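Okay, structure first, notes after.
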Amino acid sequence: VGNYKRTVKRIDDGHRLCNDLMNCIHERARIEKVYAQQLTEWAKRWKQLVEKGPQYGTVERAWCAFMSEAEKVSELHLEVKSSLMNEDFEKIKNWQKEAFHKQMMGGFKETKEAEDGFRKAQKPWAKKLKEVEAAKKAYHVACKEEKLAISRETNSKADPALNPEQLKKLQDKVERSKQDVLKTKEKYEKSLKELDNATPQYMENMEQVFEQCQQFEEKRLRFFREVLLEVQKHLDLSNVASYKNIYRELEQNIKSADAVEDLRWFRANQGPGMSMNWPQFEEWSADLNRTLSRREKKKASDGVTLTGINQTGDQVSQPNKHSSSLSVQSNTVQSVQSSYNPFEDEEDTGSTVSEKEDNKIKNVSSYEKNQSYPTDWSDEESNNPFSSTDANGDTNPFDEDTSPAMEVRVRALYDYEGQEQDELSFKAGDELTKMENEDEQGWCKGRLDNGQVGLYPANYVEPIQ
């Protein structure tokens, strides 16, 4: 009696499982969106870097093909996100609304119907069961009284102090006890027989209500299976023709890279094959050789338009692949050997993240395609541009930044079990120290009170006020 409550609870669990499945799909859709955005940002940034960098020709096109691939794959993942939210998420939401009907007083109509059906089917049998339990109890009490009366009678026979009248009372009580035992036994057997007779009908009624609950649950299970198959189709890009075409096109672009063709182009445009401007006799002209005053020179140096960055001397423009010029302030011109490492983070310089990103975009390499070079030359070793220590760099560009960050105490909102060796594990309510701020992937570096250092999801904790 009452064990049907587990079956009734399954209906409420079904509604909750719909919410869980929707949350699961929503989180995956959010991941797809973030991944697509990161791919687009990566492609945009590196496309600028490669186009401004020194790479040229067919290899440049092959390299840029990776950025095109990222943009196309980003679009596909946005389509995945859209399918998950607009189709799968909405389908579950609508099915849940149609399958479960809320009541004014709380709970679901389906739950109440199942509860009432089971209670109605069980009520007559439960009533008879209660009668059986009462009859059994009365019979057992009568048996106990009979045994007690017989024991008293036996003990009284051995006691000479009792008179015959008292002895007769004990004997009468034994007789009454035996009669009570017979009556209660008969009643107990009768109620048990009635219960046995009612059991088949009870089982039939209960099974009928149970089958209705089974059919309702079967609909949910089949629906979940159907939705999960649709989610699988939306996530599986291996069967999408456009996805295969992206990598087929990428392979073709890479294979089309031709070193011989690139060298031929470089020879014709930047090497011996380029058009030459051999020195020829030139007549003196007052206009061309007019000496500028110091004030005019100073004024002219405030803002100049350069086609390249030079150390010293005049500049002679050479044929370049890109004819665009670079307009800069003269006080920002650095040495041609100075370079910026795009993989290096220097927090102690005080620059912001956005400034660093701008610097990375502007300084992909030590020089750019449209850069001109000084025409002055010397045999002296001090002017050798290849002897600069900046050209190779003494620091490791892949060294991690070791500058300390401000430590903050945080409290875990949920349980988290580390999936990798470098991840922390903690329980909801545990306190730990955040050592580094959240990165682009949503991870923080922290330290447990036992000294263990590792990574954890940033949204699993909150600062301690």
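Here are a few things to note about the model shown:
- Taking the stretch 231-287 as the range and being within 30 Å of GLU27 (Cβ to Cβ), part of a loop (DSSP other than H, G, I, E, B) and at pLDDT below 90 as the test, only VAL240 passes.
- Hits in the stretch 426-459 (condition: open to solvent by 50 Å² or more (accessible area, probe 1.4 Å), in a loop (DSSP other than H, G, I, E, B) and either among the polar types (S, T, N, Q) or touching a residue at least 12 places away in the same chain (Cβ under 8 Å) (or both)): LYS427, ALA428, ASP430, ASN437, GLU438, GLU440, GLN441, ASP449, ASN450, GLN452
- Unique match (being of a type in the set (Gly, Ala, Ser), in contact (Cβ under 8 Å) with a residue 24 or more places away in the chain, under 30 Å from GLU131 (Cα atoms) and surrounded by 13 or more Cβ atoms within 10 Å (Cβ to Cβ)) among ALA257, ALA198: ALA198
- Within the stretch 402-423, being among the hydrophobic types (A, V, I, L, M, F, W, C) and either closer than 24 Å to TYR35 by Cα or surrounded by fewer than 12 Cβ atoms within 10 Å (Cβ to Cβ) (or both) holds for one residue alone: MET406.
- Residue-level check: of (1) in a helix (DSSP H, G or I); (2) open to solvent by 50 Å² or more (accessible area, probe 1.4 Å), VAL1 misses just (1).
- Some residue of the stretch 58-68 being on the phi > 0 side of the Ramachandran plot, of a type outside the set (Ser, Thr, Tyr), part of a helix (DSSP H, G or I) and not assigned by the TED database to the domain that holds GLN201: no
- Against the list (1) of a type in the set (S, T, N, Q); (2) in contact with an Asp or Glu (Cβ under 7 Å, 6 or more places away or on another chain); (3) farther than 30 Å from PHE266 by Cβ, the condition THR58 fails is (3).
- Set LYS93, LYS128: member being in contact (Cβ under 8 Å) with a residue 24 or more places away in the chain and outside the structural domain of ALA29 (by the TED database): LYS128
- Cβ-Cβ under 7 Å pairs, at least 6 apart or on other chains, the stretch 236-250 side within 13 Å of LYS72 (Cα to Cα), far side loosely packed, with under 12 Cβ neighbours inside 10 Å: none
- Verdict on VAL181 being part of a helix (DSSP H, G or I), over 42 Å from the mean Cα position of the chain (by Cα) and of a type in the set (A, V, I, L, M): yes
- Looking across the stretch 212-232, the residues that are within 20 Å of the chain's Cα centre (by Cα) and either surrounded by fewer than 11 Cβ atoms within 10 Å (Cβ to Cβ) or not β-branched (Val, Ile, Thr) (or both) come down to LEU228, GLN232.
- Across the stretch 90-114, the qualifying residues are those that are in a helix (DSSP H, G or I) and open to solvent by less than 40 Å² (accessible area, probe 1.4 Å), and the one among them that is nearest to ASN205 (Cα to Cα) is ALA114.
The values are calculated or read from the model by the stated rules, or taken from the named source; none is laboratory data. Values in this document were obtained by computation on a predicted structure and should not be read as measured data. Glycine gets a Cβ as well: all are built from the backbone with ideal geometry, and neighbour counts include every protein chain shown. The area values use the complete protein model at the heavy-atom level, side chains included, leaving out ligands, DNA and RNA. Shrake-Rupley method; radii C 1.70, N 1.55, O 1.52, S 1.80 Å.
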